[in-house]
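S.K.: Mind having a look at this structure? Questions to follow.
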Amino acid sequence: MQIRVLPLPEEKQKKKCSDESKLGFGKIFTDRMFLVEWKAGQGWVDARIEPYGPFSLDPACLVLHYGQEIFEGLKAYRWQDGSVALFRPEMNARRFNHSAERLCMPEVPEELFLQGVAELVRLEADWIPTAPGTSLYIRPTMIAVEAVLGVKPSDHYYFYVILSPVGAYYAGGFNPVKIMVEDQYVRAVPGGTGEAKTGGNYASSLKAGLEAKKKGFDQVLWLDGKERRFIEEVGAMNMFFTYGNRVVTAPLEGSILSGVTRNSVITLAAELGFTVDECKTDIDTIMADIRSGKITEAFGSGTAAVITPVGALCYKNETATIGSGGVGALTQRLYDTLTGIQTGVIADKFGWVKKI
Ligand SMILES: *Cc1c(COP(=O)(O)O)cnc(C)c1O
């Protein structure tokens, strides 16, 4: 599709942050955004890259009332040779359409998704930070903008992409987090929207996260929504446990987000000689196996942090420390390998990296 590039007036050009250690996450946005509209009877129309700025939305529009919204998250990395790379962006395009299908939203052709992302990142390449651990976070989003209060799929959508230079996630060190196992609230239920990256899932998870923080934990570990027994995810990351030479994670059965990082971890762990089991594991077994030392490591996986070491789990007010409470060998190896491939320091033998 032809993408129009609108002029960027001088007064809309922002000053870049000169101190990359102060970037944080998702607080600064670049000068431009990509936007394309879908209208019933017309399909996708008027793709353009325009100055970044607020939308004018009708207060009645569907996204504001019934949450018809989906999003994605991926990153662009600046390599030492000056080139720019994306990590497995076609997986984000596919997952976006999987989310769209669940929310009764129109499919975004994969080429359009990838073209919008690539052309925007190319135009905004000056915004990609260069310090170790930094990147340009990419947030593709679709919202329902028809102004009507009836509960129904919208007849008008915006698909847009915004960019945010982000700082090193582990500026304070690659330190293990303390997790509270959530036995009251649930994130997703069978038949629900847990497998879709849709705003409502995150709005409904805020309360549990807040209560865990109040008790001194970094995040919650979600149990399944039916029996509150089986391990699902940790915050907005997929969850892994290591038993010596075996790695365990929850199977994709509808309530779990199919992470690009999760998929990459599974491939890398198998490559390193680990057996990977995608199987249901109940929390009582996990707690017993941590205490007996059978579980040697635990970590979360997701685009923002890549890998997050988990040092301890607390379930029903009892805390169990995983291994020595430090960063496990596989956890460290996966983090180094994944970030190495993403930044071009380690050869990519899987074809994951896409230069733009
Ligand atoms: C985005 C997300 C993940 C991680 O997916 P990645 O593709 O690895 O970033 C895991 N769980 C939830 C709930 C998420 O929203």
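The values are calculated or read from the model by the stated rules, or taken from the named source; none is laboratory data. Note that the structure is a prediction, hence the values are computed from the model and not measured. Here Cβ is always computed from backbone atoms with ideal geometry, including for glycine, and neighbour counts include all displayed protein chains. Just so you know, the surface numbers come from the protein's heavy atoms only, side chains and all, with ligands and any DNA or RNA stripped out. Shrake-Rupley method; radii C 1.70, N 1.55, O 1.52, S 1.80 Å.
S.K.: Ordered by packing density, taken as the mean number of other Cβ atoms within 10 Å over each peptide's residues, highest first, how do 182-189, 294-301, 20-27 rank?
M.R.: In descending order of packing, they fall as 294-301, 182-189, 20-27.
S.K.: Related question: As a test, work out the antiparallel percent of DSSP beta bridges whose residues both lie in segment 106-236, rounded to the nearest 5. The partial results should precede the final answer.
M.R.: Values: 12 of 16 bridges.
Antiparallel bridges make up about 75 percent of those DSSP assigns within segment 106-236.
S.K.: Let me ask something else about it. So, in nm, how far is label E90 from label D284 when the simple model puts each one 7 Å beyond its Cα toward the Cβ?
M.R.: Result: 4.6 nm between the two label points.
S.K.: If you take every residue apart from R102 with its C-beta less than 10 Å away from the C-beta of R102, what net charge results, scoring Lys and Arg +1 and Asp and Glu -1? Each step should come with its number before you reach the end.
M.R.: On the way: positive: K197; negative: E101, E195.
After counting each charged neighbour, the total is -1.
S.K.: A further question on this structure: Just add up the charged neighbours of E297: K/R +1, D/E -1, any other residue whose Cβ is under 14 Å from the Cβ of E297.
M.R.: Details: positive: R246, K294, R333; negative: D289.
Charge balance in the 14 Å sphere: +2.
S.K.: Another question, if that's okay. Spelling out what I want: for every residue of segment 181-188, take phi, set θ = phi - 60°, compute 6.51 cos²θ - 1.76 cosθ + 1.60 (Karplus), and round to whole Hz; glycine and proline get x.
M.R.: 7, 7, 10, 10, 8, 10, 8, 8
S.K.: Quick check: net charge around E90, other residues with Cβ under 13 Å of its Cβ, Lys/Arg +1 and Asp/Glu -1? Working shown, then result.
M.R.: On the way: positive: R88, R94, R95, K354; negative: E72, E110, E111.
Computed value for this residue: +1.
S.K.: Enumerate the whole-percent occupancy of each 5 Å bin, from 0 to the last occupied one, for all C-alpha pair distances of segment 134-188.
M.R.: Binned Cα distances yield the sequence 4, 12, 11, 10, 11, 17, 15, 11, 7, 3.
S.K.: OK, next. Is the shape of segment 89-229 best called rounded, prolate or oblate, per the rule: a/c under 1.5 gives rounded, else a/b larger than b/c gives prolate, else oblate, with a ≥ b ≥ c the square roots of the Cα gyration tensor eigenvalues?
M.R.: In terms of gyration-tensor shape, oblate.
S.K.: Per residue, what volume in Å³ does the convex hull of the Cα atoms of segment 4-166 enclose?
M.R.: Dividing the Cα hull volume of segment 4-166 by its residue count gives 123 Å³.
S.K.: Further question: List the pair-distance distribution P(r) of the chain, using every Cα-Cα distance, as the percent of pairs falling in each 20 Å bin from 0 up to the bin containing the longest distance, rounded to whole percents.
M.R.: 28, 58, 14, 0
S.K.: Okay, moving on. Residue separation times 0.36 nm, minus the C-alpha to C-alpha distance between K215 and M1: what's the value?
M.R.: 72.0 nm
S.K.: Further, regarding this structure: Pulled fully out, how much extra length does the chain show between E111 and S56, if you take 0.36 nm times their separation in residues and subtract their Cα-Cα distance?
M.R.: Working: separation 55, 0.36 × 55 = 19.80 nm, distance 2.75 nm.
That pair, E111 and S56, stretches by 17.0 nm at full extension.
S.K.: Leaving ligands, DNA and RNA out of it, rank S164, S83, S18 by accessible area with a 1.4 Å probe, largest first.
M.R.: Output order, biggest surface exposure first: S18, S83, S164.
S.K.: Looking at the square roots a ≥ b ≥ c of the eigenvalues of the Cα gyration tensor of segment 278-356, which shape do they give, rounded for a/c under 1.5, prolate if a/b is larger than b/c, or oblate?
M.R.: On the way: a/c = 2.84, a/b = 2.47, b/c = 1.15.
Note, shape of segment 278-356 comes out prolate.
S.K.: Can you work out the Karplus-derived ³J(HN,Hα) for every residue in segment 318-332? Use 6.51 cos²θ - 1.76 cosθ + 1.60 with θ = phi - 60°, whole Hz, and x for glycine or proline.
M.R.: Values per residue, Gly and Pro as x: 10, 9, 10, 8, 8, x, 8, x, x, 8, x, 5, 5, 3, 5 Hz.
S.K.: Among 281-293, 231-243, what's the highest-first ranking by average C-beta atoms within 10 angstrom per residue? It would help to have the intermediate numbers written out before the result.
M.R.: Numbers: 281-293: 15.9, 231-243: 23.6.
Ranking, from highest mean packing down: 231-243, 281-293.
S.K.: OK, next. Compute the relative contact order of the chain as a whole-number percentage, counting only Cα pairs closer than 8 Å that sit 6 or more residues apart in sequence.
M.R.: Answer for the chain is 18 percent.
S.K.: At 222 nm, what helix-only mean residue ellipticity would the chain give, in deg cm²/dmol to the nearest 500, using -39500 (n - 2.57) for each DSSP H run of four or more?
M.R.: -7000 deg cm²/dmol
S.K.: Next question. Once you sort the root eigenvalues of the Cα gyration tensor of segment 230-292 as a ≥ b ≥ c, which label holds: rounded (a/c under 1.5), prolate (a/b larger than b/c) or oblate (the other case)? Show your work: numbers first, answer last.
M.R.: Working: a/c = 2.01, a/b = 1.08, b/c = 1.86.
Note, shape of segment 230-292 comes out oblate.
S.K.: Computed FRET efficiency, Cβ-Cβ of A270 and E227, R0 22 Å: what is it to the nearest 0.05? Before the final figure, lay out the partial values.
M.R.: On the way: r = 29 Å, r/R0 = 1.33.
Efficiency computed from Cβ-Cβ geometry: 0.15.
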